[in-house]
1. Just to be sure before I move on: is T128 in contact (Cβ under 8 Å) with a residue 40 or more places away in the chain and surrounded by fewer than 13 Cβ atoms within 10 Å (Cβ to Cβ) in the structure I sent?
2. Take the conditions touching a Pro at 6+ places or on another chain (Cβ under 7 Å) and either surrounded by 12 or more Cβ atoms within 10 Å (Cβ to Cβ) or not in a helix (DSSP H, G or I) (or both) and apply them to S159. Does it pass?
3. Could you say which residue among L50, L118, L41 is more than 30 Å from S159 (Cβ to Cβ), hydrophobic (A, V, I, L, M, F, W, C) and modelled with pLDDT of 55 or more?
4. For residues that are under 15 Å from R199 (Cβ atoms) and of a type in the set (A, V, I, L, M, F, W, C), tally how many sit in segment 85-95.
5. For a quick check of your reading of the model, give me the residue pairs whose first member lies in segment 143-172 and is at positive phi, whose second is in a strand (DSSP E or B) and surrounded by 15 or more Cβ atoms within 10 Å (Cβ to Cβ), with beta-carbon atoms closer than 6 Å and at least 6 apart or on different chains.
6. Could you say which residue among V111, V93 is at pLDDT 90 or above, closer than 30 Å to T188 by Cβ and either more than 30 Å from the chain's Cα centre (by Cα) or exposed (fewer than 14 other Cβ atoms within 10 Å of the Cβ) (or both)?
7. May I ask you to verify whether I148 is in contact with a Ser or Thr (Cβ under 6 Å, 6 or more places away or on another chain) and farther than 30 Å from L211 by Cα?
8. Take V170 and tell me if it is part of a helix (DSSP H, G or I), modelled with pLDDT under 95 and surrounded by fewer than 16 Cβ atoms within 10 Å (Cβ to Cβ).
Amino acid sequence: MLRSLVLVLLLVNATFYAWTHGWLNSFIGVLPEAQHEPQRLSQQIHPDKLILVPSEPDAGSAPSPVPSEASAPPEQAVCLEAGPFDSNESAQVNEAMRAQMPAGSWTSEQVSVPGEYLVYMGPYPDATLYARKVQELKRMRNMNLEEIQTPAALAHGLSLGRFNRQDEAVAALEAWRARGIRTARVVTSRPPMELQVVRVPLATPKTQVTLGGIKLPAGKAFSACHPQ
């Protein structure tokens, strides 16, 4: 029985194999479903024959701008001034500026400088008396004592305060007298005067190098302009 079943299965498998390969088409007339489609092979893409074409930019898009010297940011300019100068100094500085700077790039302007007034004691040419007076004054509260050496007429003296207005100096003197100081007085250390200031309103980095090479009176140099 088992042997007969095995033979039947072998016969069925052999028949199915022959039918699927088309060996029985002329006998039974029933075609098996095709498992291969040769026409699809002809439609396949061959990667080895592909050619990459670079994409073109959109017609409406503008090309990226190319940096150039014309688009570079302008040099930053600042306002610089030097002074104030008295009449002799101003003549020397103006001559040097005309030799180094283009016409119209700078100005010479007059400024009013207020006077300076001191509540003053002295002078004390004797060194011992001078030292003793300094010690006495330093014992007083709220004392801002300043030793004066210039101008020469006020050398070896002591200042109890500096003021730009004479009436303010007089008011301070009265306050010190109320505290017991009797020998102080108001003196003028610098009278009001009209001086000259040289101003360069638009000094580029290159101009600043030129200004650095201009010889100015001792203690004077170009710096940022004061607000007008």
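1. Values: in contact (Cβ under 8 Å) with a residue 40 or more places away in the chain: no; surrounded by fewer than 13 Cβ atoms within 10 Å (Cβ to Cβ): yes.
Criteria not met by T128.
2. Numbers: touching a Pro at 6+ places or on another chain (Cβ under 7 Å): no; either surrounded by 12 or more Cβ atoms within 10 Å (Cβ to Cβ) or not in a helix (DSSP H, G or I) (or both): yes.
Answer is no for this residue.
3. Working: L118 fails: more than 30 Å from S159 (Cβ to Cβ); L41 fails: modelled with pLDDT of 55 or more.
One residue alone meets the criteria, L50.
4. 2
5. G161/V119
6. Details: V111 fails: at pLDDT 90 or above.
Just one listed residue meets the conditions, V93.
7. Values: in contact with a Ser or Thr (Cβ under 6 Å, 6 or more places away or on another chain): yes; farther than 30 Å from L211 by Cα: yes.
Criteria met by I148.
8. Numbers: part of a helix (DSSP H, G or I): yes; modelled with pLDDT under 95: no; surrounded by fewer than 16 Cβ atoms within 10 Å (Cβ to Cβ): yes.
No: the conditions fail for V170.
The values are calculated or read from the model by the stated rules, or taken from the named source; none is laboratory data. Values in this document were obtained by computation on a predicted structure and should not be read as measured data. All Cβ positions, even for glycine, are placed from backbone atoms using ideal geometry, and neighbour counts span all protein chains on display.
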